[in-house]
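Here's the structure, in structure tokens; my notes come after.
Coordinate-derived values only; no laboratory data. It should be emphasised that the depicted structure is a prediction, and the values quoted were computed from it without experimental measurement. Counting neighbours? That spans all protein chains shown, and the Cβs are built from the backbone with ideal geometry, glycine included.
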Amino acid sequence: MRKIITAPTTCEAILHESGLSPIAGIDEAGRGSLAGPVVACALILPPGLVIEGVNDSKKLTPGHRAILAQRIKSVAVSYSYGILDATVIDKINIHNATLRAMTMAVEGLTLPPKTVLADGKFPPYVPCPTLHIIKGDVLSHLIAAAGILAKTARDKIMQDLHIIYPRYGFNKHKGYGTVAHREAIKQYGPCKLHRTSYKLI
């Protein structure tokens with residue numbers, strides 16, 4: 001049975017001192033996109049490690065994110081992704097798809113965590129205590145680092161998909177609802193990557 005705790009601040013140090021490590025941080029990318037997958041990343045770092053420059057992924061440039069992603073991967077104890085495409089999102093809705101992707105990411109870790117820190121109002125379904133933090137990518141170093149990996153992985157997926165569907169400009173907006181993207185949808189109609197359950201599609 002899951003134990004769900006809500007806290008407004010980071011607490012990695014307290015959890016480590018209480019014997020509740022390893023701790024996994026989880027974040028997602030692509031929840032608000034009109035096309036492409038939702039990607040979650042679960043990450044375990046060595047206790048007490050702080051990687052300089054790690055911040056909310058949305059506040060970093062693509063180049064800075066890429067550099068930090070390599071640093072994070074090089075020192076991580078374990079990291080894993082959960083990826084669900086538009087077909088699944090349309091079938092079960094983005095909320096459920098995001099939670100499922102987060103669960104998949106945790107299940108893929110090579111070291112099972114004793115505690116999970118998750119960004120947002122709702123925790124994933126995992127068999128260990130879960131602390132979900134609103135604006136966790138700002139308040140938690142682990143969540144912010146996981147968000148950087150999720151964002152860089154998803155951006156790479158969208159850049160690769162742009163080669164198959166060049167009309168929509170996925171390499172630029174990554175599937176989000178920019179004016180250029182919405183105009184492309186009006187002109188060409190949606191493709192297989194678009195979330196047809198969304199009102200804008």
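Averaged over residues, the count of other Cβ atoms within 10 Å places the peptides 89-98, 184-193 in the sequence 89-98, 184-193, highest first. Rg/Rh, computed from the Cα trace of the range 4-188 with Rh as the Kirkwood radius, has the value 0.99. All Cα-Cα distances of the range 71-172, cut into 10 Å bins from zero to the largest, leave 14, 41, 34, 10, 1 percent in each bin in turn. Rounded to the nearest 20 debye, the dipole magnitude of the chain is 640 debye, with +1 charges on Lys and Arg beta carbons, -1 on Asp and Glu beta carbons, and the Cα centre as origin. For the residue pairs Lys114/Lys156; Lys59/Lys192; Lys151/Lys199; Lys135/Lys192, alpha carbon separations beyond 26 Å are given by Lys114/Lys156; Lys59/Lys192; Lys135/Lys192.
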